[in-house]
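J.: Have a look at this one before I ask anything.
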Amino acid sequence: MSRCCLLLFIGLAVSSSVSFAQKKAIDPANMDLNVKPGDNFYQYVNGTWLKKTPVPPSKTRWNSLAILTADNVMLLQQLLTHAASAQQRNNIERNVGDFYASGMDTVRINKSGYAPIRTYLQKISAAKSKTDIVHLLAYLRREGISTALMGISARVDAKDVTRYQVQLSQGGLSLPDRDYYSKPDPNSRKVREALLLYMQEMFRATGSTANEAITKAKSVMDMELALSEKHWAREQMRDPVRLYNKISVTDLSKNAPQVPWVMLLKEIGFQPQPDSVIMNNPAYVYFAAGLLEKLPLKTWISYLQWNVIRENTAYLGSKFVAANFAFNKALTGQQSLPPREEFVSTQIDKQVGEMLGQLFVEKYFTPDAKKRMQALVTNMKNTFQKRIQSLEWMSPETKLRALEKLNLYVNKIGYPDKWKDYSGLVIKRNDFFGNVQRGNKWQFGEMVSRLGKPVNKGEWTMTPPTVNAYYSPEKNEIVFPAGILRAPFFDANADDAVNYGGIGAVIGHEMTHGFDDQGRQYDAYGNLKDWWTIQDADEFTLRADRLAAQYSAYTVLDSVHVNGRLTLGENLADLGGLTIAYDAFKNTPDGKSNRVIDGFTAAQRFFISWAQAWRGNILPESARQRILTDAHSPGIFRTNGPMVNMDSFYEAFHVQPGDKMYIAPENRIRIW
């Protein structure tokens, strides 16, 4: 488990100068005051906004996060346009500016057709043996094309966080989740059909005859179906103990002899030669290795070619982009492509995010914002400490260790202390595909080179402009990129109620991840190690199980329910985060006052702030996909779900028996 995030959505940042800056922190015009807050608080706070704010054609959902992203794309475009055209440029401006210019040169990109990937396809088609396939698996990874068959990476060893370890993980699929390959419902069948047509079209566009394309697509689909049947469900993949399966390379070679593992790992570039690996799903690794012997060479050639194609269609000419979008439309319901400027800006943030991030931070993130954030984190940490000390269900022994873990939290705010050095990465003004591919190759090479080196504790897994936050269990750290430190989460001009209901709850969310059903299994130093008494672990599990059942009862579409097990960690973090944030807020002058703004008390504004942070509309197709793949509950349940367990919510809005959200005090779930 690499991290627990506030959001699955990985977006970009926002400036205080656009969208939210000139608006009230809480605008009653967005509310539906005809709805009782105790019946549906999400609808009460956001009802009018939801009615008047449809999903734009180029989006799959439109919420506070997407709006921040749209605002920030405009800001990044300004930075990138200037960097691309300025007469005087430093090295950073030259690199990101040339990258942007290359991506906007659609005339050159369209002329190139599929030429940028032709060499890869030809090299694969020349394979004469299964040994050649292994060489190709290593070669493609070195080139930054790394989705075929399984994940192979160097990551922190969860049981020894001082070192990196080679890790093998289930993967190799084109669709977002294993269930898409087997479910008989009409939507899943539609998606499978769309994928098959997409494969056929792409094989034809890259030189295959119509009959060859049909044969290739069918063989790839059959192979991915077989792989999907060995995938563990996403909720099963949330158990860090189950996912830790360390084995020597010698024993791996005995258990899966079809793959020459020593040769593969060496050719990928792992040095020194690893003597062991960690597998998250051993049965999958063994099965996938067995396919090397079982499937014909032609199938492997088609499969590897497809992986090259599907990873790169978005960076080729308009014909390929259109085909990729047509498939994505069937999958998510998205109606139109986003503007080219948005796509290119996002790719630059993905490839050289800490280069672009330096420009972003310099212009849009102030030292005062960082200072205020540090004060908020301190208040939240002190509040969480007191809550742990006062827990009735936890023994003194476990409390002591919990407090040790909390006190060793590392806080990262805004941007890294040391920026990433992109030395060796070549960016050319006339080669968009090459820039992307060299970026992927550089990133993969950097990851491989970690082996044998001390763990880089200063590294960030999100770029500074990202609208998100995360907790890393192995590093025991909470991280808040500059991008999320904006309204509606953080507003320098707003009252404490708004900020604690927004960014305060975000801080609490990430802090609680260290003590959710996954994070609690890591000790104060980040190692996967049990530090709970048996009785305390049982008591926590009992309460967590009740929360999972609460969310599993929520209906999203028709008979589709939230997966309470898949979303458990995020739901625990929402409940803990909001509870801690409210306590911390009550310690502020605003929290202790009787001040009323726009007819709402400070306590009411706290909860309204939380609810408006999660407002949003989403397309039905995308909603179905997220139920299968997203570890976060839909916005309405992220809003209402924690509140029904908080006495302070009932008091703030006078929620009574008979109201639809009412739960008797003895049945409310109380954990942190």
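J.: Considering (1) assigned to a loop (DSSP other than H, G, I, E, B); (2) free of Cβ contacts under 8 Å to residues at least 40 places away in the same chain, say which one Leu451 fails and leave the rest.
T.: Among (1) assigned to a loop (DSSP other than H, G, I, E, B); (2) free of Cβ contacts under 8 Å to residues at least 40 places away in the same chain, the lone unmet condition for Leu451 is (2).
J.: Please go through region 183-237 and pick out each residue that is farther than 21 Å from Tyr120 by Cα and hydroxyl-bearing (Ser, Thr, Tyr).
T.: Matches in region 183-237: Ser188, Ser228.
J.: Hey, another quick one. Just to verify a result, which residue in region 640-672, among those that are over 22 Å from Phe384 (Cβ atoms) and assigned to a helix (DSSP H, G or I), is nearest to the chain's Cα centre (by Cα)?
T.: This residue is Asn640.
J.: Do you know which residues across region 565-579 are under 15 Å from Tyr500 (Cβ atoms) and either within 19 Å of the chain's Cα centre (by Cα) or outside the structural domain of Ile627 (by TED's automatic domain parsing) (or both)?
T.: Within region 565-579, Asp574, Gly577 meet the criteria.
J.: May I ask you to list the residues in region 481-517 that are among the polar types (S, T, N, Q) and outside any helix (DSSP H, G or I)?
T.: Once the filter is applied, which keeps residues that are among the polar types (S, T, N, Q) and outside any helix (DSSP H, G or I), region 481-517 yields only Asn493.
J.: Next question. From the list Gln374, Gln385, Gln358, which one is polar (S, T, N, Q) and not assigned by TED's automatic domain parsing to the domain that holds Asp523?
T.: Answer to the check: Gln358.
J.: Return yes when Ala664 is farther than 30 Å from Glu235 by Cβ and either surrounded by 22 or more Cβ atoms within 10 Å (Cβ to Cβ) or modelled with pLDDT of 95 or more (or both) and no when it is not.
T.: Here the answer is no, as Ala664 does not meet what is asked.
J.: Scanning region 423-448 for residues that are polar (S, T, N, Q) and assigned to a helix (DSSP H, G or I), which turns out nearest to Gly144 (Cα to Cα)?
T.: Asn440
J.: Moving to a separate point now. Residues in region 428-441: is at least one closer than 27 Å to Gly514 by Cα, hydrophobic (A, V, I, L, M, F, W, C) and surrounded by 15 or more Cβ atoms within 10 Å (Cβ to Cβ)?
T.: no
J.: So which residues in region 100-122 are closer than 14 Å to Gly207 by Cα and not polar (S, T, N, Q), if there are any at all?
T.: Within region 100-122, Gly113, Tyr114, Ala115, Pro116, Ile117, Arg118, Tyr120, Leu121 qualify.
J.: Would you check if Leu136 is touching a residue at least 60 places away in the same chain (Cβ under 8 Å), touching a Gly at 6+ places or on another chain (Cβ under 6 Å) and assigned by TED's automatic domain parsing to the domain that holds Tyr244?
T.: Spelling it out, it is not the case that Leu136 is touching a residue at least 60 places away in the same chain (Cβ under 8 Å), touching a Gly at 6+ places or on another chain (Cβ under 6 Å) and assigned by TED's automatic domain parsing to the domain that holds Tyr244.
J.: Check Gln535, Gln521, Gln550, Gln604 and return the single one that is touching a Ser or Thr at 6+ places or on another chain (Cβ under 9 Å), more than 22 Å from Met373 (Cβ to Cβ), at pLDDT 95 or above and surrounded by fewer than 23 Cβ atoms within 10 Å (Cβ to Cβ).
T.: Gln535
Matching residues to (1) over 30 Å from Gly504 (Cβ atoms); (2) among the polar types (S, T, N, Q):
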| residue | (1), (2) |
| --- | --- |
| Glu293 | yes, no |
| Asn328 | yes, yes |
| Thr332 | yes, yes |
| Ile348 | yes, no |
| Val352 | yes, no |
| Tyr364 | no, no |
| Lys386 | no, no |
| Ser390 | no, yes |
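J.: Can you find, within region 463-478, the residue that is surrounded by the fewest Cβ atoms within 10 Å (Cβ to Cβ) among those that are farther than 16 Å from Glu570 by Cβ and in contact with a strand residue (DSSP E or B) (Cβ under 6 Å, 6 or more places away or on another chain)?
T.: Among residues in region 463-478 that are farther than 16 Å from Glu570 by Cβ and in contact with a strand residue (DSSP E or B) (Cβ under 6 Å, 6 or more places away or on another chain), the one surrounded by the fewest Cβ atoms within 10 Å (Cβ to Cβ) is Glu477.
J.: Got at least one residue in region 585-595 being at pLDDT below 95, under 28 Å from Lys412 (Cβ atoms), of a type in the set (Asp, Glu) and surrounded by fewer than 24 Cβ atoms within 10 Å (Cβ to Cβ)?
T.: yes
J.: Just to verify a result, which residue in region 57-66, among those that are part of a helix (DSSP H, G or I) and surrounded by 21 or more Cβ atoms within 10 Å (Cβ to Cβ), is farthest from the chain's Cα centre (by Cα)?
T.: Ser64
J.: Quick check: is even one residue across region 296-314 without any contact (Cβ under 8 Å) to a residue 60 or more places away in the chain, assigned to a helix (DSSP H, G or I) and more than 28 Å from the chain's Cα centre (by Cα)?
T.: no
J.: Considering each of Val241, Val262 in turn, give the residue that is β-branched (Val, Ile, Thr), surrounded by fewer than 21 Cβ atoms within 10 Å (Cβ to Cβ) and not in a helix (DSSP H, G or I).
T.: One residue alone meets the criteria, Val241.
J.: Further, regarding this structure: Only one of Val277, Val220 is modelled with pLDDT of 95 or more, assigned to a helix (DSSP H, G or I) and either touching a Cys at 6+ places or on another chain (Cβ under 6 Å) or closer than 29 Å to Gln443 by Cβ (or both). Can you tell me which?
T.: Val220
The values are calculated or read from the model by the stated rules, or taken from the named source; none is laboratory data. Just so you know, these numbers come straight off a predicted model, no measurement behind them. Because the Cβ atoms are built from the backbone with ideal geometry, glycine has one as well, and the counts that use them run over all protein chains shown.
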